[in-house]
1. For the stretch 119-173, give me each residue that is part of a helix (DSSP H, G or I), closer than 26 Å to Gln13 by Cβ and not hydrophobic (A, V, I, L, M, F, W, C).
2. Gln56 fails exactly one of the following numbered conditions: (1) more than 12 Å from the chain's Cα centre (by Cα); (2) surrounded by 14 or more Cβ atoms within 10 Å (Cβ to Cβ); (3) more than 18 Å from Ser163 (Cα to Cα). What is the number of that condition?
3. When you check Thr75 against the structure, is it in the same structural domain as Arg190 (by TED's automatic domain parsing) and of a type in the set (Ser, Thr, Tyr), yes or no?
4. Which ones in the stretch 15-53 are free of Cβ contacts under 8 Å to residues at least 24 places away in the same chain and within 15 Å of Lys106 (Cα to Cα)?
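The values are calculated or read from the model by the stated rules, or taken from the named source; none is laboratory data. Not measured: the values here are computed from a predicted model. Heads up, the Cβs are rebuilt from the backbone with ideal geometry, glycines too, and the neighbour counts pull from every protein chain shown.
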Amino acid sequence: MDRREQILEISQQLFASLGYHKTKISDIVREAGIAQGTFYWHFKSKEAIALEIIQQGRNGLLEVVAHGHRKFSGTVKDVVNSSEKLFEELFDFSASNRYMMEMIFKGIDGEESLKQVIIETRLKVEEAFQNNIKRAMELNILPERDPGLQAALLMSLFEGILSRWLFGPVSEGSHIRNKTTAELAKEMVRFEFFGLLGT
């Protein structure tokens, strides 16, 4: 891992554990074992690091969601299998980038500019879901409905499951934390298709 990536990784962890405002550049350089000048060689500010972390998260999420864009029609079973694969990839990406996802989905107690970028990131992911749903409608895989509303519902479902699985809280008797990414994806898609197909 190069120095820049190390600074990004440590910053993510500190932002998630201490909060953006409470994390100081001195905390980051101490954890990274670098001089403050090295920090400023790579980043002009703490806000610049946070913006880059969020942008990386956005790019990664959009790349994964793009895998679900259908090129050809198929049976409902094909679509269900593809959706399961897509959400398994999303949960895997989220688990591998836990601190980044925490910043995006739990928010940052920071600058307005950061809050705005987080909102834009979540809207972009929702828009990518909407594009996938529209494509499925064009291919007559899904019935014609309001794709914007469907995408908003799907995004809410994804955010809710992801937040409880990675960050809690989890209600008593819930086994969500023990689920594999494949199990989460399967349950989510079952629920998704119940709603999208209206059956």
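1. Glu120, Thr121, Arg122, Lys124, Glu159, Gly160, Ser163, Arg164
2. The one condition Gln56 does not meet is (1).
3. Details: in the same structural domain as Arg190 (by TED's automatic domain parsing): yes; of a type in the set (Ser, Thr, Tyr): yes.
Judged against the criteria, Thr75 is a match.
4. Ser17, Leu18
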